[in-house]
1. Show me the three semi-axes of the equivalent ellipsoid for the chain, from the C-alpha gyration tensor (sqrt of 5 times each eigenvalue), largest first, rounded to whole Å.
2. Using a 1.4 Å probe on the protein heavy atoms, what percent of the accessible area of the chain belongs to carbon and sulfur?
3. Pop out the ³J(HN,Hα) list for the stretch 7-16 in order, Karplus 6.51 cos²θ - 1.76 cosθ + 1.60 with θ = phi - 60°, rounded to Hz; leave Gly and Pro as x.
4. Ordering TYR171, TYR64 by accessible area with a probe of 1.4 Å, largest first, what comes out?
5. Which ³J(HN,Hα) values, rounded to whole Hz and listed in residue order, are derived for the stretch 138-150 from phi using the Karplus coefficients 6.51, -1.76 and 1.60 in 6.51 cos²θ - 1.76 cosθ + 1.60 with θ = phi - 60°, glycine and proline given as x?
6. Any chance you could look up the accessible area of ILE127 with a 1.4 Å probe, heavy atoms only, rounded to 10 Å²?
7. Can you give the accessible area per residue of the chain, in Å², using a 1.4 Å probe?
8. Within the chain, count lysine pairs with alpha carbon atoms under 22 angstrom apart where the residues are 8 or more positions apart or belong to different chains.
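The values are calculated or read from the model by the stated rules, or taken from the named source; none is laboratory data. Everything numeric here is computed off the predicted structure, so don't read it as measured data. Note that each Cβ is placed from the backbone with ideal geometry, even for glycine, and that neighbours are counted across all protein chains shown. In case anyone asks, the SASA skips ligands and DNA or RNA and just uses the protein heavy atoms, side chains included. Shrake-Rupley method; radii C 1.70, N 1.55, O 1.52, S 1.80 Å.
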Amino acid sequence: MAGNRSRKQVRESRALGIALTPKAVRYFEKRPYGPGEHGRSRRRQESDYAVRLKEKQRLRAQYYIREAQMVRAFEEARKEKGLSGENLVELLEMRLDALVLRAGFARTMPQARQEVVHRHILVDGKIVDRPSFRVKPGQVIQVKPKSQTTVPFQVAAAGAHRDVLPDVPPYLEVELEKLKATLVRRPKRAEVPVICDVQMVVEYYSR
């Protein structure tokens, strides 16, 4: 089952042109072209719609969220001051599962999500089991004490995931050995380690 899922993620990574998992990174190094028999041939000119759709799918895949969640976040982003696309990424980045990943408590977004769902994560000392929970600046995320003694979290505390994750972004303060992180302030789009042309995403949803 896990093998199937990981193959599916590699295939999705190839289709979207971004590595969604560490395994996909290795795959890209070997075969830097899209899936299917025509993956190697010169890409045909994609329509504007296809280009925008692909950018939207890329952003969605990086946060591992459903379309309905993406639409809700976009509606909220549009109501805020400033650029809708940048707001969208900033709002998505404040999801609990995203911050659990950035802090280095997990290796991939699906794993971060699982840690939250399985009630291993506390926010300000209370268990939160919703990956979509919006963390507010100043709030503290921590692996619950009982879970900290388990092997997967001891591995994380030793910094084992740092080799595949980007550097800890400036909006997050992390004490990895204590499996503790604080969202210091709202992220800025430029600091968020996702690959996406946000303007294309805005155009997709504004059509």
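1. Taking √(5λ) for each eigenvalue gives 29, 22, 13 Å, largest first.
2. 51 percent
3. My calculation for the stretch 7-16 gives 5, 4, 5, 5, 4, 5, 4, 5, 5, 8 Hz in order.
4. TYR64, TYR171
5. Using θ = phi - 60°, the values come out as x, 6, 9, 9, 8, 6, 5, x, 4, 6, 4, 7, 7 Hz.
6. Roughly 70 Å² of ILE127 is accessible to a 1.4 Å probe.
7. On a per-residue basis, 56 Å².
8. 26
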